[in-house]
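Each remark here refers to the structure printed beneath this line.
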Amino acid sequence: MIYGYCRVSTARQDITRQVRNIKELYPQADIRQEVFTGKKTTGRREYEKLLRTVKSGDTIVFDSVSRMSRNADEGFEIYQNLMDEGVELVFLNEPYINTDVYRKALQSAAVPMTGTSVDLILEGVNKYLMELAKEQIRIAFEQSEKEVTDLSIRTKQGLVTARMKGKTLGRPKGVKPITSKSVEMKRQIKRLSKAFGGSNTDAEIMSITGLARNTYYKYKKELLEEAAE
């Protein structure tokens, strides 16, 4: 079984690029996607469900290593555990750390034993080459963690600068908050509603989505306003 895992940090970000990149190379992939921010993988429901589902011989495809983990230690540990369980990992933007490449590197690097005292030296060489291959994986996850850390620092610096310049921070008055639920519900309404070319009535959509009447009509009104702009 081939799975694809896609993640964005906020509902405002577009996840379709990740899905498209995976589907171009693995059209049969079962895509799992979610909105989640933070370095840790704990709390990522779709990701945790996927890790419980995969078994030996399965493949998980990521657009980049940062989609798997942005915590170097945790990412490397999950990588190592999955590889030991026989799960293949593919990173479209960092193919040099794909598990099949890693395995081949370890196999080709291994120096055969001679049955003599020289084996003591060769054993040390083999261990060194294995650690060198592992280091490439660690570096990829460390770079991913560094990117999110640098972004956090730049964001904090930007907020401080804005305050020093007397700018008002926060959401401007009159701007509606955007949540992952509202984005998904609006997408469903736009797909199903007769008002947007679908085939379902308002009552049917409320039943399908489970939205309260007031919430449903609020979302529909916002969609109609957006369409009219």
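Readers should treat all values here as calculations from the given coordinates under stated rules, not as data from a laboratory. Just so it is clear, the model here is predicted, and its values are computed rather than measured. Cβ: placed from backbone, ideal geometry, glycine included. Neighbour counts: every protein chain shown.
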What nm distance separates the two modelled labels at ASP84 and SER180, each placed 7 Å from Cα along Cα→Cβ? 3.0 nm
Between beta-carbons, use under 12 Å as the cut-off and find the net charge around GLU46, counting Lys and Arg +1, Asp and Glu -1. +4
Given a Förster distance of 25 angstrom, what is the FRET efficiency for ALA227 paired with THR42, based on the Cβ-Cβ distance and rounded to 0.05? 0.05
Inter-label distance, nm, simple model (7 Å from Cα along the C-beta direction), ASN93/SER199: 4.0 nm
